[in-house]
1. Condition first: hydroxyl-bearing (Ser, Thr, Tyr), farther than 19 Å from MET270 by Cβ and in contact (Cβ under 8 Å) with a residue 40 or more places away in the chain. Now tell me which residues in the range 284-307 satisfy that.
2. Evaluate the range 61-73: report whether one residue or more is out of contact with any Ser or Thr (no Cβ under 9 Å at 6 or more places or on another chain), closer than 30 Å to ALA180 by Cα and crowded, with 19+ Cβ neighbours inside 10 Å.
3. Within the range 45-60, work out how many residues are surrounded by 15 or more Cβ atoms within 10 Å (Cβ to Cβ), modelled with pLDDT of 95 or more and more than 16 Å from ALA140 (Cα to Cα).
4. So which residues in the range 271-315 are part of a loop (DSSP other than H, G, I, E, B), in contact with a Leu (Cβ under 6 Å, 6 or more places away or on another chain) and within 17 Å of ARG212 (Cα to Cα), if there are any at all?
5. Quick test of your reading of the structure: GLU334 fulfils all but one of (1) more than 23 Å from PRO166 (Cα to Cα); (2) touching a residue at least 60 places away in the same chain (Cβ under 8 Å); (3) acidic (Asp, Glu). Name the failing condition by number.
6. Name every residue in the range 323-363 that is among the β-branched types (Val, Ile, Thr) and in contact with a Gly (Cβ under 7 Å, 6 or more places away or on another chain), in order of residue number.
7. Filter the range 186-236 down to residues that are hydroxyl-bearing (Ser, Thr, Tyr) and either in contact with a His (Cβ under 6 Å, 6 or more places away or on another chain) or buried (at least 20 other Cβ atoms within 10 Å of the Cβ) (or both) and give me whichever is farthest from VAL388 (Cα to Cα).
8. If you go through the range 272-294 one residue at a time, do you hit one that is among the acidic types (Asp, Glu), farther than 26 Å from ALA226 by Cβ, at pLDDT 95 or above and touching a strand residue (DSSP E or B) at 6+ places or on another chain (Cβ under 6 Å)?
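The values are calculated or read from the model by the stated rules, or taken from the named source; none is laboratory data. All of these numbers come straight from a predicted model, not from anything done at the bench. As a convention, Cβ positions derive from the backbone with ideal geometry for all residues, glycine included, and neighbour counts pool all protein chains shown.
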Amino acid sequence: MRAPLSWIRDFTPLTGTTGEIADALNQLGLEVEEIDEPGRDVRGVVVCRILDVVAHPDADKIRLADVDFGDGTTRVVCGAANIHAGMVAPLARIGATLPGGFEIERRKIRGVVSEGMLCSPRELGLGDDHAGILALPDDAPLGTDVREVLGLDDVVFDLAITPDRPDAMGIVGIARDLAAHFGLPFDAPTPEESAAAESIDGATVVVEAPDRCPRLVARIARVRLAASPDWMQRRLTLAGMRPISNVVDVTNYVMLERSRPLHAFDLDRMAGRGIVVRTARDGERMVTLDGVERSLTSEDLLICDAERTPRAIAGIMGGASAEVSGETREIILESAHFAPHGIARTSKRLGLRSEASARFERGVDPDGAGSGADLAMRLLAEVAGADVVAGRIDAYPEPVAEGGQGADPAGQRRPRDRSGFGASELAAAATGHGGGAGSRRRRGVRVGVGPDLPARHRA
């Protein structure tokens, strides 16, 4: 679990050094395997705007870009096809350093001197994308250190989460423990609960295997897919996830923040305008989002459309046949509670593990299904201009009993604070024994000073 410090600070005002916070996490049983400072090796890279792009006089596949970096203008040679006049991009000036110890020098390329380099995401240590130059927000101030614009001055704690701490698979759970440890305020508001109904906007939900899926909440929104805002993309990237689109990014954002896996289906591709949850038939097959055809057994749980066609392997991975795309105009969002043992068995048998299955295997709180869906709808309205349909379908015929799935390891259902986490956990965190794991040794920890960053979003 990768936990950016700036995200943790949305919920509690941590002011300690990186080393102090790492020590606290280890005492709480959240073992710090590594501390990542993404911008540590990036120096001398600033925001620039491309003024003009002209052909290279002696090469077909590279061009010359005139750029304004705030304090002046210069010319660089660039081979990326996506650059254009008006684009805002990272400029590594002469003397700049990049990850891997790479230092920028004045170079002559096919007879033309390049006074720096425009950078791709990979060159800044932001992943493997080297297909083009990274586009920065149009309003980024020219000459600004790119680390500030991209959040590279953040600190990310890479944590080993034990099976008995499903709550710590979300930023809110980690922030709650740290707040209790340091005696700080903690606030993780939840959105106002939507009204439940048997059907909304003509859509229905039928759960045929309530022992495997005790609760499923569904909500509907009309959307238009586009890129998510820069602040959300930065947070997802720091947490180890690739931004995809505003709809998918919102579901991943809620999962990472609240340990609440969600899945959005293209409602126009869900025959019968509804969801049926059932077990698979032996030998039944479906193609998952990774393009692999899976052979299923009666032990596997499926999310189907109203005509019972499989659209997802429940709690593990969606199917290719109903995934959201650029043509999606309406989604049905699923927020469910699945029995952990069933998810674990299917995941192991298929050799298919996902961020969602890692959480469902540990046992997410069934009481958070509604608030997770509602938070996603609020975010979709904010970042995607979604038209959210009022109300929700809440298939929860028999609330999970104390000591059932979603209970703590001792078999007792925890009393909840308004963030959805237990008061007993707060007390345990304050004594340094959260999760019962005790103090654990740090491995490979690089210690520095954690910056006090402004919050990008308040949930």
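1. THR297
2. No, every residue in the range 61-73 fails to be out of contact with any Ser or Thr (no Cβ under 9 Å at 6 or more places or on another chain), closer than 30 Å to ALA180 by Cα and crowded, with 19+ Cβ neighbours inside 10 Å.
3. Total meeting the criteria: 1.
4. ALA280, ALA314
5. Here GLU334 meets the rest and fails (1).
6. Matches in the range 323-363: ILE343 only.
7. The qualifying residue farthest from VAL388 (Cα to Cα) is SER228.
8. Within the range 272-294, one or more residues are among the acidic types (Asp, Glu), farther than 26 Å from ALA226 by Cβ, at pLDDT 95 or above and touching a strand residue (DSSP E or B) at 6+ places or on another chain (Cβ under 6 Å).
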